[in-house]
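What follows is one structure encoded as structure tokens, with my remarks underneath.
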Amino acid sequence: MVPAKDFKRRMVVEIDGSPHMIEQIQVQTPSARGAATLYKIKARNLKTKSRVEKAYRGTDALNESSFERRPVQFLYRDPDGCHFMDSADFNQFSFTTDDLRDQLPYMTENMEGVEALVVDDEVIAVELPDTVDLPIVETAPGVRGNSATGRTKPATLATGHIIQVPEHLEQGVTVRVDTRTGEYLGRAN
């Protein structure tokens, strides 16, 4: 049992008997004495892909869902969906693009470091690494001398995703992006 105060993003818990992945947590601290802190979560049912919103007190607890993580490789994307290969037994499986809409902006062909969540020998979700390195394919030209200010500009990455980057970065530079928040973290090494 995991108390609500220990909930974390990407944790898999059982809600109403089925596995859900916590996607967002909001903590509401009461202003009155003696009132309980509320933890509002947004979670996705890993079997039906539906999203739910629930609120829990800090003392409420949920069962952590039992699942297995397996290393997989993202192979390619086509009109039918996204295709993956299990790195251990080389079996292939796929998900529709709707199932992966939050992760698609960070996925490149032959991407490694991806993990599959398996429940009862059924792959129910894939999880990307926390950070990915992607090249900038289009952005406005950098202006000399503008590296001292904290101004940003939009940049299109190789996957088509648009993020805000510092003004001094130019096309062709590879940047590190947080897959959980979608934010620029820095230049890739």
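Each value in this text was obtained by applying a stated rule to the coordinates, not by laboratory testing. Every value quoted in this text rests on a predicted model; they were computed, and no experiment measured them. Note: ideal-geometry Cβ built from the backbone for every residue, glycine included; neighbour counts use all protein chains shown.
Restricting to lysine pairs 8 or more places apart or on different chains, what number in the chain have Cα atoms under 15 Å apart? Numbers along the way, then the final one.
Numbers: LYS5/LYS40; LYS5/LYS42; LYS5/LYS54; LYS8/LYS40; LYS8/LYS42; LYS8/LYS54; LYS40/LYS54; LYS42/LYS54.
Lysine pairs meeting the criterion: 8.
Under a point-charge model restricted to the Cβ atoms of Lys and Arg (+1) and Asp and Glu (-1), what is the dipole moment magnitude of region 68-127 relative to its Cα centre, in debye to the nearest 20? Write down the numbers at each step before the final one.
Values: 4 positive and 15 negative charges, 45 e Å.
Value, rounded to 20: 220 debye.
Given Cα pairs under 8 Å that are at least 6 residues apart, what percent is the relative contact order of region 1-109? Mind dumping the intermediate values first?
Details: 194 pairs, mean separation 22.3, N = 109.
Relative contact order for region 1-109 comes out at 20 percent.
Alpha carbon centre of region 154-185 versus region 11-63: separation in Å?
31
May I ask you to sort MET85, MET1 by Cβ crowding, counting other Cβ atoms within 10 Å and putting the fewest first?
Details: MET85 17, MET1 9.
Going from sparsest to densest Cβ surroundings: MET1, MET85.
With only Lys, Arg, Asp and Glu charged, each at its Cβ (+1 for the first two, -1 for the last two), find how big the charge dipole of the chain is about the Cα centre; round to the nearest 20 debye. Before the final figure, lay out the partial values.
On the way: 23 positive and 29 negative charges, 241 e Å.
Here the chain has a charge dipole of around 1160 debye.
What's the extension gain from ASN110 to ALA36 if we count 0.36 nm per residue and subtract their Cα-Cα distance? Walk me through the numbers on the way to the answer.
Working: separation 74, 0.36 × 74 = 26.64 nm, distance 4.71 nm.
The ASN110-ALA36 span can extend by a further 21.9 nm.
State, as an integer percentage, the relative contact order of region 59-183 based on alpha-carbon contacts under 8 Å between residues 6 or more apart. Could you put the intermediate results ahead of the total?
Values: 231 pairs, mean separation 25.9, N = 125.
Relative contact order of region 59-183: 21 percent.
So how much slack lies between GLU170 and LYS5, counting 0.36 nm per residue of separation and subtracting their Cα-Cα distance, in nm?
Details: separation 165, 0.36 × 165 = 59.40 nm, distance 4.25 nm.
Stretched fully, the GLU170-LYS5 segment lengthens by 55.2 nm.
Which whole-number percent is the relative contact order of region 68-127 (Cα, under 8 Å, 6+ apart)?
Details: 105 pairs, mean separation 22.4, N = 60.
Computed value for region 68-127: 37 percent relative contact order.
Kindly provide log₁₀ I(q)/I(0) values, in the same order as q = 0.09, 0.15 Å⁻¹, from the Debye equation applied to equal alpha-carbon scatterers of the chain.
Listed by q, the Debye log ratios stand at -0.44, -0.98.
Quick one: dipole size for region 2-62, taken about the Cα centre, charges +1 on Lys/Arg Cβ and -1 on Asp/Glu Cβ, in debye to the nearest 20. Spell out each step's value before the answer.
Working: 13 positive and 6 negative charges, 46 e Å.
Roughly 220 debye, rounded to the nearest 20.
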